[in-house]
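Everything on this sheet refers to the single structure shown next.
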């Protein structure tokens, strides 16, 4: 190894590198924007939508979302195709919405029902259509598809939405930075150790602060990381998956790995949705059940609009000084700049997950740009898409004496069982994983 | 007619067209800015001017307006010609204003009375002049002329300023969008039907919500629209005129057309003044008399700075939710974008007035750019300029059975009488119009 | 002399000239930025630094300043060299600071102590260094050097810091405009007459409103102006020096020149520090002693963060109307525009000091750009750098009957004595000046 660099090198470190536009810009016509537009994206929580239109912004587009008098949803370009007045001031009709300015009446698919005072046989009816997008409301979240209409995918439903005896609350959190730095944080398990345990004191479970063996593996949906660590006499293997392009599942927030279990599923299913290049809105579900939270540390009452029941996720929950004293994900991600500049980074082995996720996203973007069909999740004959996030804990023969290689081999065995069982229903899948990993450290 | 366009076309409707700079940009040296600079423009209400200088902005120029110790007005470029300190911090003198920084003293025409500590015979006196513009105070409004000094027009005074038994209040309202979308709204009579009656409930008179026959006609001052409609047994013909480049007159706010009358004049004379490309200040007079307001619905106490006595004109009068529930001109105009993008519009027959007004303005801009003298209003031997805004109501023979063609012909007759009589004093003109239109449906 | 220009020329005075970037832009790599980076610059008052990192900005660079657990200071680039999270959320260690996100630990010189979870033998340790700058804490001000490490100058200490029986308070004031307009104000003695006496009423001493003879002279540190005026039977000569690139000393605020004295030193030593191109932070010391303030008009309690004990220096001390009624330096400087545009100025003989200061700065910038070493102050064998700011008052033979030439000659004599004595300790220097100027008008 050469001698380390000298100190006081600030003068030489004032680079003017720019962000990686291919991965971070999401407006119409951009490579990543096109990629994002091939998938259903959450646009709002159902509870945000009352009797008035809601101005929203998604992938750099100004839109208006509303529920018409028939209970059907519409998602239209915000500015009226006639003379540009905003449909956030539109009058909601029994079917569709009417622009306040000249009474142009649009159906929920953007077609023109009536052009105000224009004659019914005016050629304008043959020419005009308001920009509109298909929406789908599912479990209190409204999803939209902003891509080409002939390439609309089946609406994805995930296995973890069907956990028994489980409550669910929707949440939505705005982060003023690029989507990718919010998203890649989920394939960066090292930060849990530092940011959430050592830098700021223990923010989640105590066990999450224990050093872990980390591996990464691609899945049919994207990728997962595999974290394996000793917790007392147990070994805990967590897999966290990225459902491309921007979905994520995360295991129990306060997991302590105190007893053996297999395939315990996630406490959060969420999407890091690009509002525009420098604003991200994370929308998803927070799941509650006894298995995920045996000690009753979850707090559903704190879960909702710009709020969630664990620390460091929003701007307004704390003063600047409090955030300095105990920074969380919000401070780390936002302070990476409005759009993090990869060319200024010094990535190391602990960034392998982030690097791999970026590489996967870039491959998918270029795959699409090259004219290929986007990758789409496969239901594999099940009524839902199988996912790969889970926690498995085994009692470890011989206590903590195992080597790193033992832990790594065990983690791989768990991951292989999770992958190999993705054609099964939840109960058989859990038994399959249990059989594969128990008593075979 | 071909089949109408398909729905869900948002993906194909994300155009990046830009505004029409020729009609909307108003800074020094721009085509429309040059055009605007050939006319007197309101710059402030007299009541805004106290004993301190007033920082104002007009046509993209930063200026300072003040009344000196002799009672004379000055309108100077805001930054001192010496070293740029703002004259809004200037010391008002018996004659002119003194820059606070080094005591340079300017006359109201911008000439240098004294350069502070410079010797009286310093050559600086022969070199420096502060940018200044002529001003004219008239009926509590201060007007300025920002054009070339050798092309200054006579100050225009309009017939409607001399209505008998009439009170007058000045008002000034700021709208954060381009001047043209505020101005063209006045040649868009269809919006009255929709925005002010059907979208938001009745905002003005009930009669203004009745379907009308609309025609447009050029006038010596610009253009007018002619709105003719049945109201019970009467036919009401309203003409609304545009006094180019940016003046407007509008009839009685709460007109119900319940009795026959001829040539009832306007309740508002105003100018939509470009502060800069994305801010407009409407300054003018609101007129009050028994004829215009027989029911006492006007409220002079609400008329003044950023306030007027009818709904939907300002930002601060209502919450966002209230504005969504009952949008007005403010919401419609501002939400067309900071500068509306004509290239994204889908204009139809009901936009004929807007299209014609834009065409007229463009012709005038190009006329000037081509080196011709700007069009100037003609006093035609009268002590004022005749204008064309009026309401005429006749009792209709045969009640409501008339055809659209009958109404159109009647409207044209009214308009012709109004135009043909513009060389007459108000009383003879009113009799002329009455004679021309009564008993000759 | 030709006839003066005509009035109402605003139409012809709408120039679009731009700022002089060579003198005003200070970011990395700019000519003036490079020049500024060859000198120690104040970055904060010691009192601003508590137990948390302080986000600061200097010469257009985002930095973080902190005092570690050993009491040593660090000034690092704000964004972590690893993945860009801000070190304002860093955890202060016994030595250095730890990034909150992944635990990368930097020494105060930016070298990497540990890369979080990376193995100790990871090659990353041989590659990465966080941008860092040397700092020096001196009399409650923290100074930083942002230039090339091999060109770091000796830390300068000035003679006026050693005035006997003197108290000192640090202050820091932010002005939202370019540094040069704040700085050149100190070589613009004419403005004192106007802004601080005639425009706004007397803001400082009454004597400072008396007309003066002004000359300018280069010094080994930069330049000084020499102001000589009659005050009753005395003649007062003030020299105010500019310590390039951006230091200034100013004499007693409330000087009334009522008794003879020699070489009375300054009441302020300060630096006009460019935060970026359009923000300036003036940081320095305010000195208090009986000689400088015989009447007790100083008020140390008002001196500190964004506050000082004389009028017109900050944004928040007064309402806009109060500032209009009695404008001060803040209003004059800020209103010259975010960056004053020299090409629009009309400089006259009273701007000779400003012109000379700009010329000197430009010479120094070009001297450096041409590859020469920057000029550095010389200690001349003393324990401090001799400076040139002082007030000398003599009883004038023959009262006020002297001519301008007499005053000018006297002022030059004082200035020569001040310059000729700069190799002496304070006491002998004061006697030297007194000998040279007394009884030899």
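Would you confirm whether or not region B:151-166 contains a residue that is within 14 Å of chain A (Cβ to nearest Cβ) and touching a strand residue (DSSP E or B) at 6+ places or on another chain (Cβ under 6 Å)? Before the answer, list the steps.
From region B:151-166, those within 14 Å of chain A (Cβ to nearest Cβ) are none; that's our starting set.
No: zero hits.
Among the residues that make up region C:226-239, is at least one of them within 15 Å of the chain's Cα centre (by Cα), at pLDDT 95 or above and on the phi < 0 side of the Ramachandran plot?
Residues of region C:226-239 that are within 15 Å of the chain's Cα centre (by Cα), as a first pass: none.
No - not one qualifying residue is present in region C:226-239.
Can you work out which of the residues in region C:112-140 that are assigned to a strand (DSSP E or B) and under 30 Å from residue C:304 (Cβ atoms) is farthest from the other protein chains (Cβ to nearest Cβ)? Give the derivation first.
Just the residues of region C:112-140 that are assigned to a strand (DSSP E or B), to begin with: C:112-115, C:129, C:132, C:135-138.
Pick out the ones that are also under 30 Å from residue C:304 (Cβ atoms) and you get C:132, C:135-138.
On the way: C:132: 5, C:135: 10, C:136: 12, C:137: 16, C:138: 18 Å.
Checking each candidate, the answer is C:138.
Tell me, which residue of region B:387-422 that is assigned to a loop (DSSP other than H, G, I, E, B) and under 19 Å from residue B:156 (Cβ atoms) is farthest from the chain's Cα centre (by Cα)?
Start the filter on region B:387-422 by keeping residues that are assigned to a loop (DSSP other than H, G, I, E, B), which leaves B:387-389, B:396-403, B:421-422.
Then keep just the ones that are under 19 Å from residue B:156 (Cβ atoms); that gives B:387-389, B:422.
Values: B:387: 14, B:388: 14, B:389: 13, B:422: 21 Å.
Among those residues, the one meeting the criterion is B:422.
Which of the residues belonging to region B:293-326 are out of contact with any strand residue (DSSP E or B) (no Cβ under 9 Å at 6 or more places or on another chain) and buried (at least 16 other Cβ atoms within 10 Å of the Cβ)?
Passing the criteria: B:293, B:310, B:311, B:312, B:318, B:323, B:324, B:326.
Filter region A:218-240 for residues that are in contact with a strand residue (DSSP E or B) (Cβ under 8 Å, 6 or more places away or on another chain), outside any strand (DSSP E or B) and under 21 Å from residue A:434 (Cα atoms) and give the result.
A:233
Looking at region B:169-193, which of its residues are within 14 Å of another protein chain (Cβ to nearest Cβ) and outside any helix (DSSP H, G or I)?
B:175, B:176, B:177, B:178, B:188, B:189
Could you check region A:282-308 and list, in sequence order, the residues that are more than 28 Å from residue A:430 (Cα to Cα) and either assigned to a loop (DSSP other than H, G, I, E, B) or touching a helix residue (DSSP H, G or I) at 6+ places or on another chain (Cβ under 8 Å) (or both)?
Across region A:282-308, the qualifying residues are A:282, A:303, A:304, A:305, A:306, A:308.
Go through B:74, B:84, B:50 for me and flag whichever is at pLDDT 95 or above, out of contact with any strand residue (DSSP E or B) (no Cβ under 6 Å at 6 or more places or on another chain) and more than 9 Å from chain C (Cβ to nearest Cβ).
B:50
When you go through (1) in contact with a helix residue (DSSP H, G or I) (Cβ under 9 Å, 6 or more places away or on another chain); (2) free of Cβ contacts under 8 Å to residues at least 24 places away in the same chain one by one for residue C:322, which number turns out not to apply?
(1)
Go through region A:40-97 and give me each residue that's free of Cβ contacts under 8 Å to residues at least 12 places away in the same chain and in contact with a helix residue (DSSP H, G or I) (Cβ under 7 Å, 6 or more places away or on another chain).
A:84, A:91, listed by residue number.
Any residue in region A:205-216 that is surrounded by 24 or more Cβ atoms within 10 Å (Cβ to Cβ), under 22 Å from residue A:380 (Cβ atoms) and touching a helix residue (DSSP H, G or I) at 6+ places or on another chain (Cβ under 7 Å)?
no
Has region B:194-217 got at least one residue that is assigned to a helix (DSSP H, G or I), in contact (Cβ under 8 Å) with a residue 40 or more places away in the chain and more than 14 Å from chain A (Cβ to nearest Cβ)?
yes
Only one of (1) within 14 Å of chain B (Cβ to nearest Cβ); (2) part of a loop (DSSP other than H, G, I, E, B) fails for residue C:26. Which number is that?
Here residue C:26 clears every test but (1).
Taking region C:61-88 only, how many residues are within 21 Å of residue C:283 (Cβ to Cβ) and surrounded by 19 or more Cβ atoms within 10 Å (Cβ to Cβ)?
Going through region C:61-88 one residue at a time, the tally reaches 13.
State which residue is nearest to the chain's Cα centre (by Cα) when the search covers only region A:346-386 and only residues that are on the phi > 0 side of the Ramachandran plot and modelled with pLDDT under 95.
Out of the qualifying residues, it is A:380.
Hey, among the residues in region A:1-23 that are touching a residue at least 12 places away in the same chain (Cβ under 8 Å) and over 30 Å from residue A:143 (Cα atoms), which one's nearest to the other protein chains (Cβ to nearest Cβ)? If you could, list the steps in order and put the result at the bottom.
Here is the first cut: in region A:1-23, the ones touching a residue at least 12 places away in the same chain (Cβ under 8 Å) are A:15, A:17-20, A:22-23.
Next, only the ones that are over 30 Å from residue A:143 (Cα atoms) stay: A:15, A:17-18.
Working: A:15: 9, A:17: 11, A:18: 13 Å.
For region A:1-23, the residue satisfying everything is A:15.
When you scan region C:87-106, how many residues do you find that are assigned to a loop (DSSP other than H, G, I, E, B) and more than 7 Å from chain A (Cβ to nearest Cβ)? Step through it out loud before you land on a result.
So in region C:87-106, the residues assigned to a loop (DSSP other than H, G, I, E, B) come out as C:90, C:93-96, C:99-103.
In the following step, the residues that additionally are more than 7 Å from chain A (Cβ to nearest Cβ) were identified as C:90, C:93-96, C:99.
Total satisfying the criteria: 6.
Among the residues of region B:182-203, what is the count of those that are within 13 Å of residue B:325 (Cα to Cα) and in contact with a strand residue (DSSP E or B) (Cβ under 7 Å, 6 or more places away or on another chain)?
Matching residues across region B:182-203 total 1.
Considering (1) touching a residue at least 24 places away in the same chain (Cβ under 8 Å); (2) under 30 Å from residue B:303 (Cα atoms), say which one residue B:138 fails and leave the rest.
Of the numbered conditions (1) touching a residue at least 24 places away in the same chain (Cβ under 8 Å); (2) under 30 Å from residue B:303 (Cα atoms), the odd one out for residue B:138 is (1).
What number of residues in region B:329-360 are part of a loop (DSSP other than H, G, I, E, B) and touching a residue at least 40 places away in the same chain (Cβ under 8 Å)?
6
Filter region B:279-292 down to the residues that are farther than 23 Å from residue B:167 by Cα and crowded, with 18+ Cβ neighbours inside 10 Å and list them by number.
Within region B:279-292, B:280 is the sole residue that qualifies.
The values are calculated or read from the model by the stated rules, or taken from the named source; none is laboratory data. The structure presented is a predicted model; accordingly, all values stated were derived computationally and were not measured. Cβ: placed from backbone, ideal geometry, glycine included. Neighbour counts: every protein chain shown.
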